[in-house]
Amino acid sequence: TGAVGVSFDDDVVRLLQVREQGGTLVVTGAAQREMDNESVDQERLATMLRDAIVSGGFVGRRCIVSLPERDVFLQSMQLPAMSDSELGEAVAWEASQRMGVARDAIRSDWIRTGADDVQSAARSEVLAVAARNTVLSKKLEALMSAGLRPMAVDTEFGGISRLFSRHHRRDADQGTSRAVLHVGEHASTMLVLRGESIAFCKRIEIGGRMFDESVAERLCLEPRAAGELRLARVQHGAADIDPATDRALREAIRPVTTELAHQVLLCLRYASVT
């Protein structure tokens, strides 16, 4: 049985635990709680999490935490070639400067992408990841108060990369590349995976909410109603929707889809060159 996965989003926290059985993964426990990320204090968050843990059927206390996209600084950097220990400190200072906060106010990490600097072989590309200590403390302390024991803090793109790398861990798979586009509520993440490694990762500021807003404006609906309409079309197809409404829906999302596709092509072009 794996650790409890705790995924924080802007307005919801989801908990999921799976175990391996007969070569497949089955759900051991699951829970979801709505929340307003701006107003829920640490004590209320701990109470909410404790209730979810008790009712969700979870086993053990170990958990892995995933932060919301907006709480994670994500940036590709070209840095001089250096050892891992030196690189960790260089990334921390660079990330703190770009975030506009003090060095000791963040925790950071990095991933070597293996991309080549087309202008200088003395520099290498790393993917810098960082989060503010205040953000980490609120969530981790609430989880500990709720009875869980956090083992690691993860990112959404990290979880996605491992999900799509479960069957690409052999030596023979290390040259196999896959492009993965994850469309989230507020933003999308474009990944290029090579074997079980991340070769490219970029956040694109286009998400499902932009699709909903475009449909809402076109059809004079509330964004929530527009989202429900889009979901119904995905689940049941266009047959259950008035043809004129379906046509208006497709025309409403076309500009957003076109811009997302354009950004994806730019990402793939950059990944191919480097």
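Overview of values
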quantity	calculated
Residue in the range 222-269 that is surrounded by the most Cβ atoms within 10 Å (Cβ to Cβ), counting only those that are at pLDDT below 90 and in a loop (DSSP other than H, G, I, E, B)	ILE241
Qualifying residue in the range 121-131 (condition: open to solvent by 30 Å² or more (accessible area, probe 1.4 Å) and part of a helix (DSSP H, G or I))	no
Any strands (runs of 3 or more DSSP E) falling wholly within the range 1-75 and containing at least 1 residues that are touching a residue at least 60 places away in the same chain (Cβ under 8 Å) and buried (at least 17 other Cβ atoms within 10 Å of the Cβ)	4-8, 62-66
Residue within the range 153-173 that is touching a helix residue (DSSP H, G or I) at 6+ places or on another chain (Cβ under 8 Å), under 29 Å from GLY100 (Cα atoms) and either surrounded by 14 or more Cβ atoms within 10 Å (Cβ to Cβ) or free of Cβ contacts under 8 Å to residues at least 12 places away in the same chain (or both) present	yes
Some residue of the range 168-179 being touching a Lys or Arg at 6+ places or on another chain (Cβ under 7 Å) and of a type in the set (D, E, K, R)	no
Residue within the range 183-200 that is under 25 Å from ALA105 (Cα atoms), crowded, with 19+ Cβ neighbours inside 10 Å, touching a residue at least 40 places away in the same chain (Cβ under 8 Å) and of a type in the set (S, T, N, Q) present	no
Every residue from the range 157-213 that is closer than 19 Å to LEU67 by Cβ and among the β-branched types (Val, Ile, Thr)	ILE160, VAL183, THR189, ILE198, ILE204
Residue in the range 147-158 that is touching an Asp or Glu at 6+ places or on another chain (Cβ under 8 Å) and either farther than 23 Å from HIS262 by Cβ or not acidic (Asp, Glu) (or both) present	no
Flag for ASP109 being in a strand (DSSP E or B), open to solvent by 40 Å² or more (accessible area, probe 1.4 Å) and acidic (Asp, Glu)	yes
Residue within the range 242-255 that is without any contact (Cβ under 8 Å) to a residue 40 or more places away in the chain, touching a Lys or Arg at 6+ places or on another chain (Cβ under 6 Å) and over 29 Å from LEU191 (Cβ atoms) present	yes
Output for the range 200-221, where each listed residue is part of a helix (DSSP H, G or I), closer than 14 Å to GLY184 by Cα and of a type outside the set (A, V, I, L, M)	GLY208, ARG209, PHE211, ASP212
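The values are calculated or read from the model by the stated rules, or taken from the named source; none is laboratory data. All figures in this text were calculated on a predicted structure; none of them were measured in a lab. So basically every Cβ, Gly included, is an ideal-geometry build from the backbone, and we count neighbours across all protein chains shown. Heads up: the accessible areas ignore ligands, DNA and RNA and are worked out on the full protein's heavy atoms, side chains in. Shrake-Rupley method; radii C 1.70, N 1.55, O 1.52, S 1.80 Å.
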